[in-house]
1. Give the range 103-128 a look and list any residue that's closer than 18 Å to A85 by Cβ and within 16 Å of the ligand (Cβ to nearest atom), or say none.
2. Give the range 73-102 a look and list any residue that's within 12 Å of the ligand (Cβ to nearest atom) and either surrounded by fewer than 17 Cβ atoms within 10 Å (Cβ to Cβ) or of a type in the set (D, E) (or both), or say none.
3. Out of the range 129-178, which residues are surrounded by 19 or more Cβ atoms within 10 Å (Cβ to Cβ), within 14 Å of the ligand (Cβ to nearest atom), small (G, A, S) and touching a residue at least 60 places away in the same chain (Cβ under 8 Å)?
4. Output the number of residues of the range 196-210 satisfying the condition of being among the hydroxyl-bearing types (S, T, Y) and surrounded by 12 or more Cβ atoms within 10 Å (Cβ to Cβ).
5. Is it the case that the range 96-107 has a residue that's modelled with pLDDT under 95, out of contact with any Asp or Glu (no Cβ under 8 Å at 6 or more places or on another chain) and of a type outside the set (A, V, I, L, M)?
6. Would you mention how many residues in the range 140-188 are part of a helix (DSSP H, G or I), over 19 Å from E115 (Cβ atoms) and of a type in the set (S, T, N, Q)?
7. Pull up the range 179-195, narrow it to residues that are surrounded by fewer than 17 Cβ atoms within 10 Å (Cβ to Cβ) and of a type in the set (V, I, T), then point me to the one that is nearest to the ligand (Cβ to nearest atom).
8. Within the range 15-58, track down each residue that is of a type in the set (A, V, I, L, M, F, W, C), surrounded by fewer than 21 Cβ atoms within 10 Å (Cβ to Cβ) and touching a Lys or Arg at 6+ places or on another chain (Cβ under 6 Å).
Amino acid sequence: MLFEEIRNNIASLGKEIAASGFNLGTWGNISARIDDDHFAITPSGIAYETITAEDIIVIDLAGNIIKGNKKPSIELPLHSAIYKAKKNIKAIIHTHSVCCTAFAIARKPIPAVCEDMIQIVGGQVEVAEYFLPGSNELALSAITALKGKTACILANHGLLTAADTLDEAYKISQIVEKSAQAVIYANSMGGAIELSQSDVDFMRDFYLNQYGQK
Ligand SMILES: [Zn+2]
């Protein structure tokens, strides 16, 4: 059953992300769309190392729990609002990786300087305006910051990625963290050089339409 497959996939990705060091303790959250009206999301306050498929909550876009007996992540409104606003999004990952958090606390966008990040995100990673975790305002500011992009920084908080598969959302999380780290290093050598919008557009188009075995 699709519900169970998605719950399994989220639980195993949670373990992989925990092993990566992107999230310490129980912070961060993962969700995946099941169909037009349902998605599955990680529970609140359970360490990813120990998470099982049964801990993953299946919920509808009106907020009713369909399956699972745990309390969903505090960021449920954030995930739910993005699935409602963007029908093409099928997976969302929110992480607290260190270099993305550095940009989040400085409230600075990650500039369009690394080609891989430009290809996979579509340009610089914008900062969503600060609102408290779990608030509807945070959800709306994240949707604005995600316009035309697959990732955004949540101010004073961390990174959010949104894609058409869990694997792609995790790959974006990894590439953005690597790029954030590289920009911080470059800042010790006079700063990174940003690419032009036409170069950004070319690389994004290449990634979407020609990259890999297409
Ligand atoms: Zn968080």
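The values are calculated or read from the model by the stated rules, or taken from the named source; none is laboratory data. Note that this is a predicted model, so its numbers are computed, not measured. Here the Cβ positions follow ideal geometry from the backbone for every residue, glycine too, while neighbour counts run over all protein chains shown.
1. If the condition is that a residue be closer than 18 Å to A85 by Cβ and within 16 Å of the ligand (Cβ to nearest atom), then A128 is the only one that fits.
2. Within the range 73-102, I74, E75 qualify.
3. If the condition is that a residue be surrounded by 19 or more Cβ atoms within 10 Å (Cβ to Cβ), within 14 Å of the ligand (Cβ to nearest atom), small (G, A, S) and touching a residue at least 60 places away in the same chain (Cβ under 8 Å), then A139, A142, G158, S173 are the ones that fit.
4. Of all residues in the range 196-210, those among the hydroxyl-bearing types (S, T, Y) come to 196, 198, 207.
If we keep only those that are surrounded by 12 or more Cβ atoms within 10 Å (Cβ to Cβ) as well, we get 207.
Total meeting the criteria: 1.
5. Yes - at least one qualifying residue is present in the range 96-107.
6. Initially, the range 140-188 is screened for residues part of a helix (DSSP H, G or I), giving 140-145, 166-188.
Of the ones still in play, those that are also over 19 Å from E115 (Cβ atoms) are 140-145, 166-167, 169-170, 188.
Cutting the leftovers down to of a type in the set (S, T, N, Q) gives us 141, 144, 188.
The qualifying residues number 3.
7. Restricting to residues being surrounded by fewer than 17 Cβ atoms within 10 Å (Cβ to Cβ) and of a type in the set (V, I, T), the top hit is I184.
8. Within the range 15-58, A53, V58 qualify.
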